[in-house]
């Protein structure tokens, strides 16, 4: 972005290491999407001290920044989603529940997590260890598949970095936590008022996504186009990580979209 635009006109850019991901510490806590959303919210409140911010995320990170934007409210001026995860229902079929997931949670009406019968948390740890053992030797092949549009990105250094993170203490707990996630707020809720973010959204969607499948990736692009006014969709000839595969195109899309952020008033 700094190469394509005016470097002096761009604000600071932060890339967070979320707890439990990659080389970050992995303490023995219960990981959910709300744990990571809370980390984003705390960063915006404590480090950025409430200054206006644009949040961006890829895959799971996209779902997290969308949820964080819903929580932060007026502090967030824009959201960038690159092949985001998260439930997205057809807008014309989506019917907001009588009570949002957020309000039900705050009221204590959401059913609490019930551990795996008999074995409980140890069963989830064993599950996490089994997944890591299965996936570990497949990492190079899976990376090459994910980066099929730009195989040079799937180099040995990336493989080693992922393997180091997967082998670090606490990884099994993080993976196992994926089997006990709390009820999720759909993107229809967190990217729409009154319970979510109502400002500018840029969707940079790689059409050749081999994680969801190209057909599903293109279908989600069309759903985003119909989500609401203020959502801009750019379909790119890229895979699951367009910001890493065609960074110049994603940066250009962001620069062209930024005037919408400047003009928008919460």
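The values are calculated or read from the model by the stated rules, or taken from the named source; none is laboratory data. This structure is a prediction, so every number in the text was calculated from the model and none was measured. Here Cβ is always computed from backbone atoms with ideal geometry, including for glycine, and neighbour counts include all displayed protein chains.
Structural remarks
- Residue match in the stretch 195-206 (condition: part of a helix (DSSP H, G or I) and modelled with pLDDT of 95 or more): no
- Of all residues in the stretch 134-158, those satisfying the criterion of being in a helix (DSSP H, G or I) and over 21 Å from the mean Cα position of the chain (by Cα) are 134, 135, 136, 137, 138, 140, 141, 144, 151, 152, 156, 157.
- Test: residue in the stretch 202-211 that is under 19 Å from residue 87 (Cβ atoms) and surrounded by fewer than 18 Cβ atoms within 10 Å (Cβ to Cβ): yes
- Candidates 218, 179 - the one that is part of a helix (DSSP H, G or I), out of contact with any strand residue (DSSP E or B) (no Cβ under 8 Å at 6 or more places or on another chain), surrounded by fewer than 19 Cβ atoms within 10 Å (Cβ to Cβ) and touching a residue at least 12 places away in the same chain (Cβ under 8 Å): 179
- Qualifying residue in the stretch 245-257 (condition: crowded, with 17+ Cβ neighbours inside 10 Å and assigned to a loop (DSSP other than H, G, I, E, B)): yes
- Inspection of the stretch 105-124 identifies at least one residue that is crowded, with 18+ Cβ neighbours inside 10 Å, in contact (Cβ under 8 Å) with a residue 24 or more places away in the chain and in contact with a helix residue (DSSP H, G or I) (Cβ under 7 Å, 6 or more places away or on another chain).
- Put simply, of 99, 89 the only residue that is free of Cβ contacts under 8 Å to residues at least 40 places away in the same chain, assigned to a loop (DSSP other than H, G, I, E, B) and out of contact with any strand residue (DSSP E or B) (no Cβ under 9 Å at 6 or more places or on another chain) is 99.
- Filter result (over 19 Å from residue 166 (Cα atoms) and exposed (fewer than 14 other Cβ atoms within 10 Å of the Cβ)) within the stretch 11-44: 11, 12, 13, 14, 15, 42
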